[in-house]
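Chemist: Let me give you the structure first, and then I'll get to my questions.
The values are calculated or read from the model by the stated rules, or taken from the named source; none is laboratory data. No experiment lies behind these values; they were computed from the predicted model shown. Cβ atoms come from the backbone with ideal geometry, glycine included; neighbour counts cover every protein chain shown. The accessibility values were calculated without ligands, DNA or RNA, using every heavy atom of the protein model including side chains. Shrake-Rupley method; radii C 1.70, N 1.55, O 1.52, S 1.80 Å.
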Amino acid sequence: MLGQQQSPDLPTLDPGITLLETDERTTGALHSLVLDRLLVDGGTAVWVDARDEGSTQPLARIAPNTRVLERVAIARGFTPWQHQSILRDLRGELDEETPLVVLPAFDWFYRSDDVTDAQGERMLAAGVDLVAEVAEREGVPVVLTRTADDCFAAPLDEAADAVVRCEQTAFGPRFAGEDFETLVYPLGDGTVQTTLAYWRRVLAARHPAVAVEATPTEVTTRGAN
């Protein structure tokens with residue numbers, strides 16, 4: 001079993017903007033990196049949600065101890081303008097104990113039918129500028145994902161200080177960046193699972209001291225005005 005092997009490695013998220021690119025067959029990679037960071041550093045991560053990526057269920061299924069969910073503060077908007085408003089207010093949500101800012105599916109709102117292509121492009125670029133300013137001034141790690149790698153999402157490439165890719169291999173999920181490569185160890189029976197339960201095993205192996213059951217709790221959620 002995974003817990004009986006060497007503790008698996010996960011990438012370190014450094015200050016600045018990290019663009020996480022994931023293989024569509026590998027679910028839960030972002031959630032695992034966020035929870036791992038919280039279990040290592042403590043504090044409360046600020047998660048600006050899109051496409052319902054921050055729903056309680058996957059986070060709760062991955063967490064080796066559900067008490068850690070109390071340290072994920074999720075801000076949700078439901079339109080491109082609400083998402084942009086949250087980004088403008090982002091600095092005010094951070095403090096010295098914020099270990100991470102999480103921005104999944106960053107481009108999703110700006111591709112919607114609520115805005116024209118030109119409006120979406122302008123709002124995406126403006127949102128990227130807001131996040132880049134926060135990352136530079138606050139010195140906090142920021143991890144984001146996108147829904148597609150195309151010209152529309154090019155500002156995310158330009159703003160990223162690092163790109164981490166997670167793809168499925170025969171030996172388990174492979175994380176790769178400019179100067180590192182890690183493999184998350186497969187299960188002892190030779191199979192590889194990239195379900196949420198799989199990532200829970202990874203985190204339990206990395207953090208055995210907290211890998212105990214706790215009463216499920218809701219993630220802290222803030223809505224946009």
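Chemist: Output the number of residues of the range 132-151 satisfying the condition of being open to solvent by 40 Å² or more (accessible area, probe 1.4 Å) and more than 14 Å from residue 96 (Cα to Cα). Write out each step before concluding.
Modeler: Let us first name the residues in the range 132-151 that are open to solvent by 40 Å² or more (accessible area, probe 1.4 Å), namely 133, 136-139, 147, 149-151.
Pick out the ones that are also more than 14 Å from residue 96 (Cα to Cα) and you get 133, 136, 147, 149-151.
Total satisfying the criteria: 6.
Chemist: What is the one condition in (1) more than 29 Å from residue 69 (Cβ to Cβ); (2) modelled with pLDDT of 95 or more; (3) among the hydrophobic types (A, V, I, L, M, F, W, C); (4) open to solvent by 70 Å² or more (accessible area, probe 1.4 Å) that residue 154 does not satisfy?
Modeler: It fails just one condition, (4).
Chemist: Look at residue 59 and say whether it is touching a residue at least 12 places away in the same chain (Cβ under 8 Å), crowded, with 22+ Cβ neighbours inside 10 Å and under 19 Å from residue 142 (Cα atoms).
Modeler: On the way: touching a residue at least 12 places away in the same chain (Cβ under 8 Å): yes; crowded, with 22+ Cβ neighbours inside 10 Å: yes; under 19 Å from residue 142 (Cα atoms): yes.
In short, yes.
Chemist: Testing residue 96 on (1) more than 18 Å from residue 29 (Cα to Cα); (2) modelled with pLDDT of 95 or more, one condition comes back false. Which one is that?
Modeler: For residue 96, the exception is condition (2).
Chemist: Go over the candidates 148, 154 one by one and state the one that is outside any strand (DSSP E or B) and touching a residue at least 40 places away in the same chain (Cβ under 8 Å).
Modeler: Numbers: 154 fails: touching a residue at least 40 places away in the same chain (Cβ under 8 Å).
So the residue among 148, 154 that is outside any strand (DSSP E or B) and touching a residue at least 40 places away in the same chain (Cβ under 8 Å) is 148.
Rundown of residues vs (1) in contact with a Pro (Cβ under 9 Å, 6 or more places away or on another chain); (2) under 20 Å from residue 161 (Cα atoms); (3) not hydrophobic (A, V, I, L, M, F, W, C), yes/no style:
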site	(1), (2), (3)
37	yes, yes, yes
64	yes, no, yes
78	no, no, no
88	no, no, yes
100	yes, yes, no
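Chemist: Just the residues that are at pLDDT 90 or above, of a type in the set (D, E, K, R) and out of contact with any helix residue (DSSP H, G or I) (no Cβ under 9 Å at 6 or more places or on another chain), please, taken from the range 10-48.
Modeler: Those that are at pLDDT 90 or above, of a type in the set (D, E, K, R) and out of contact with any helix residue (DSSP H, G or I) (no Cβ under 9 Å at 6 or more places or on another chain): 14, 21, 37, 41.
Chemist: Within the range 105-118, is even one residue within 13 Å of the chain's Cα centre (by Cα) and over 21 Å from residue 148 (Cβ atoms)?
Modeler: So in the range 105-118, the residues within 13 Å of the chain's Cα centre (by Cα) come out as 105-106.
When the remaining residues are screened for being over 21 Å from residue 148 (Cβ atoms), the result is none.
Checked against the condition, which is being within 13 Å of the chain's Cα centre (by Cα) and over 21 Å from residue 148 (Cβ atoms), the range 105-118 yields no hits at all.
Chemist: List the pairs whose first member sits in the range 85-97 and is open to solvent by less than 90 Å² (accessible area, probe 1.4 Å), whose second member is part of a loop (DSSP other than H, G, I, E, B), and whose Cβ atoms are under 8 Å apart, counting only residues at least 6 apart or on separate chains?
Modeler: Pairs found: 85/77; 85/224; 85/225; 86/77; 86/224; 94/140.
Chemist: From the list 116, 79, pick out the single residue that is open to solvent by 20 Å² or more (accessible area, probe 1.4 Å), hydroxyl-bearing (Ser, Thr, Tyr) and out of contact with any Phe, Trp or Tyr (no Cβ under 8 Å at 6 or more places or on another chain). Explain how you work it out, then say what you get.
Modeler: Values: 79 fails: out of contact with any Phe, Trp or Tyr (no Cβ under 8 Å at 6 or more places or on another chain).
Going through 116, 79 in turn, just one is open to solvent by 20 Å² or more (accessible area, probe 1.4 Å), hydroxyl-bearing (Ser, Thr, Tyr) and out of contact with any Phe, Trp or Tyr (no Cβ under 8 Å at 6 or more places or on another chain): 116.
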